[in-house]
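Novice: Got a structure for you, questions after.
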Amino acid sequence: MIGLNNENRDPLFGNWFTNSESQFPNHKLMNRKEILSHLKENPQVSVLIVGAGINGIGTFRDLALNGVDVLLIDRADFCSGASSASSHMAHGGIRYLENGEFRLVREAVGERNRMLQNAAHIVKPLPTTIPIFKYFSGIFNAPFKFLGWLDKPSERGSLIIKLGLMMYDAYTGKHRIVPKHKFLSRNTSLKKWNQLNPDIKNTAVYYDGLITNPERLALELILDSEAENSSARAVNYMSLISGEKDTVILRDELTDERYEIQPKLLINASGAWIDFSNHSLGLSTKFIGGTKGSHLVLNHPELRDAIGDNEFFFENKDGRIVLICPLFDRVLVGTSDLKIENPDEAFCTDEEVDYFLELIKHVFPSIQVTHDHIVFRYSGVRPLESSTAKSTSQYSRDHSIQVLSGDWTNLQFPVYSLVGGKW
Ligand SMILES: Cc1cc2nc3c(=O)[nH]c(=O)nc-3n(C[C@H](O)[C@H](O)[C@H](O)COP(=O)(O)OP(=O)(O)OC[C@H]3O[C@@H](n4cnc5c(N)ncnc54)[C@H](O)[C@@H]3O)c2cc1C
């Protein structure tokens, strides 16, 4: 959650420079070389954040705006992990209602609204359509799901979707900034989307947000933080490799040079790599139960035309929730949710590709999509909390902070691991 709660966004440029006099910082921003020579002479820092995905960047920004001296590092490019491999949704997680994660959904709807308001140049309202093939299915399963007694996805009919959407709307409360959901009859739906599967009973339309350029948003947040606070610095291609007592060793991935940093607090925001990072500090943890998700980007003008400005969010024949979404003049299709131990081994397999191509037929049976329409495929690993649930769809999507400190750690600073967390 990035918490874009800054009221002073520049209305002209749409960014978050908070200096009321101008949108430019009062100090010169350091380039990478300058930051590195500064670190050599000044190894002490209040907070070191490891991992510049959205969790690390959001924390960096909060600390920077609070005047804390903070160093953010990433072993690769900024926003190159799961944060760049998402479905691009600023969403309230309607799907999590059926796992009983009500607090999470309420919080996520609030964050979605903030992103729509404060990052309006990047996050756009997204009409989201659910094609529905049954009226009553899922009613009897819902209570079992809340209680965690049902570990397989099951089909959701109109009635259960209606209940979910009413709750979702209610969470927006008085601060509504997107329209309420509505149900469309079969006829109206088929008139609006004439290539839609004629087997539908009806459709439901509600609103979420589309993060058109997640990487750009991430970079703007970093630049904004550095502009606000001259002692907030971010360096990419810099890895955490070890730590002992009061010192952490970082390695410059471009030159192989080592840097010794002495933080008062280390925030481990390395996503699916959290346990690996803790391990390099001599801490044995099993916080993460990562699941891999892949997407395809299609260059398919007919399909792009058929969906219009709507995301289609639906359950596939196997009960998994999947999506077909407009992304500029392309179509984004996803996603999978597969258990994975080593995040470095995540890639979009041929089986996943076949699954994605097949799911399109479920909703738009008359549109032919082949491998030739694929222009890009990508994969990422959700840094979910380690779980014993049988189905990955039941792994909690909630976030938590795990604190490691004390003599047993062999470190003189505490380590906070940020587990879970979304845009
Ligand atoms: C398929 C998929 C779809 C998703 N869809 C959505 C969605 O639509 N909306 C939404 O809100 N969320 C979505 N999510 C979830 C969301 O993307 C992630 O939960 C979130 O991006 C996690 O951010 P993070 O900062 O914790 O991790 P990451 O973005 O993975 O960042 C961790 C960073 O740590 C760095 N790192 C690792 N080890 C080290 C080290 N030793 N030293 C230095 N740096 C290191 C990595 O290079 C990486 O950049 C999706 C996730 C996936 C996988």
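The numbers here are math on the coordinates, done by the rules we state, and not lab data. Because the structure is a prediction, the values reported are computed rather than measured. Ideal geometry is used to build each Cβ from the backbone, glycine not excepted, and the neighbour counts take in all protein chains shown.
Novice: If each DSSP helix of 4+ residues adds -39,500 (n - 2.57) and the sum is divided by the residues in the chain, what number results at 222 nm, nearest 500 deg cm²/dmol?
Specialist: Helix contribution divided over all residues of the chain: -8000 deg cm²/dmol.
Novice: Which loop trypsin sites (Lys or Arg not before Pro) in segment 295-353, with loop taken from DSSP, have no more than 16 other Cβ atoms within 10 angstrom of their Cβ?
Specialist: The qualifying sites are Lys317.
Novice: Using Cα-only point scatterers and the Debye equation, what is log10 of I(q)/I(0) for the chain at each q in 0.09, 0.11 Å⁻¹, rounded to two decimals?
Specialist: Debye curve over Cα of the chain, log10 I(q)/I(0) at q = 0.09, 0.11 Å⁻¹: -0.59, -0.87.
Novice: Taking 7 Å along the Cα-to-C-beta vector as the label spot, tell me the Lys245-Ser387 distance in nanometres, rounded to one decimal.
Specialist: 4.3 nm
Novice: Please compute the Kirkwood hydrodynamic radius over segment 171-259, one decimal place, Å, based on all pairs of different Cα atoms. List each step's numbers first, then the result.
Specialist: Values: mean 1/r = 0.0528 Å⁻¹.
After inverting the pairwise mean of 1/r, the radius is 18.9 Å.
Novice: Okay, moving on. For segment 349-409, taking Cα atoms only, what is the radius of gyration to one decimal and the Dmax to the nearest whole Å?
Specialist: 19.3, 65
Novice: From the residues Leu217, Pro25, Gln412, which one has its Cα farthest along the dipole of the chain in the positive direction, the dipole being from +1 and -1 charges on Cβ of Lys/Arg and Asp/Glu about the Cα centre?
Specialist: Highest projection toward the positive end goes to Leu217.
Novice: Okay, moving on. Considering only Cα-Cα distances, which of the following residue pairs are longer than 27 Å: Lys40/Lys292; Lys191/Lys317; Lys134/Lys339; Lys40/Lys245; Lys124/Lys180? Don't jump to the answer; show the numbers that get you there.
Specialist: Details: Lys40/Lys292 38 Å; Lys191/Lys317 24 Å; Lys134/Lys339 30 Å; Lys40/Lys245 19 Å; Lys124/Lys180 16 Å.
Check vs 27 Å cut-off fails for Lys40/Lys292; Lys134/Lys339.
Novice: Now for a different question. Residue separation times 0.36 nm, minus the C-alpha to C-alpha distance between Asn410 and Ala76: what's the value?
Specialist: Length gained between Asn410 and Ala76: 117.5 nm.
Novice: Full extension from Leu254 to Gln368: what is 0.36 nm times the residue separation minus their Cα-Cα distance, to one decimal in nm?
Specialist: Computed gain between Leu254 and Gln368 is 36.5 nm.
Novice: Calculate the translational D of segment 291-382 in whole µm² s⁻¹ from Stokes-Einstein, where the hydrodynamic radius comes from the Kirkwood formula applied to all Cα pairs, the temperature is 37 °C and the viscosity 0.692 mPa s.
Specialist: Rounded, D is 246 µm²/s.
Novice: Of all alpha-carbon pairs in segment 238-315, indicate the percentage at a distance above 22 angstrom. Please report the intermediate quantities before stating the final value.
Specialist: Details: 1520 of 3003 pairs.
Cα-Cα pairs in segment 238-315 separated by more than 22 Å: 51 percent.
Novice: While we're on this one: Tell me, in nm to one decimal, what length is gained between His279 and Phe376 on full extension, where the rule is 0.36 nm per residue of separation less the Cα-Cα distance?
Specialist: 31.6 nm
Novice: Still on this model: Direction-averaged shadow area of the convex hull around the Cα atoms of segment 212-262, nm²?
Specialist: So the Cα hull casts an average projection of 4.7 nm².
Novice: Just flag the trypsin sites (Lys or Arg not before Pro) in segment 240-287 sitting in loop per DSSP whose Cβ has no more than 10 other Cβ atoms within 10 Å. Please report the intermediate quantities before stating the final value.
Specialist: Numbers: sites: Lys245, Arg251, Arg258, Lys264, Lys286; in loops: Lys286.
Of the trypsin sites (Lys or Arg not before Pro), the ones in loops of segment 240-287 whose Cβ has at most 10 other Cβ atoms within 10 Å are Lys286.
Novice: Oh, and also: Looking at the chain, do any whole DSSP H helices span at least 18 angstrom along their long axis by alpha carbon and average -0.5 or above on Kyte-Doolittle, and which?
Specialist: Sorted by number, the helices that extend far enough and score high enough are 158-172, 214-228, 350-363.
Novice: Further question: Could you tell me the distance between the Cα centroids of segment 222-236 and segment 373-423, to the nearest Å?
Specialist: That distance is 25 Å.
Novice: I've got another one for you. Using a cut-off of 15 Å between beta-carbons, work out the net charge of the residues near Arg330 (Lys and Arg +1, Asp and Glu -1, Arg330 not included).
Specialist: -4
Novice: What's the local net charge at Leu359, with K and R +1, D and E -1, over the other residues with C-beta under 11 Å away?
Specialist: Residues near Leu359 contribute -2 overall.
Novice: Sticking with this one: Just to confirm the filter: which trypsin sites (Lys or Arg not before Pro) across segment 157-206 are DSSP coil and have at most 11 other Cβ within 10 angstrom of their Cβ?
Specialist: Sparse-neighbourhood loop trypsin sites (Lys or Arg not before Pro): Arg176.
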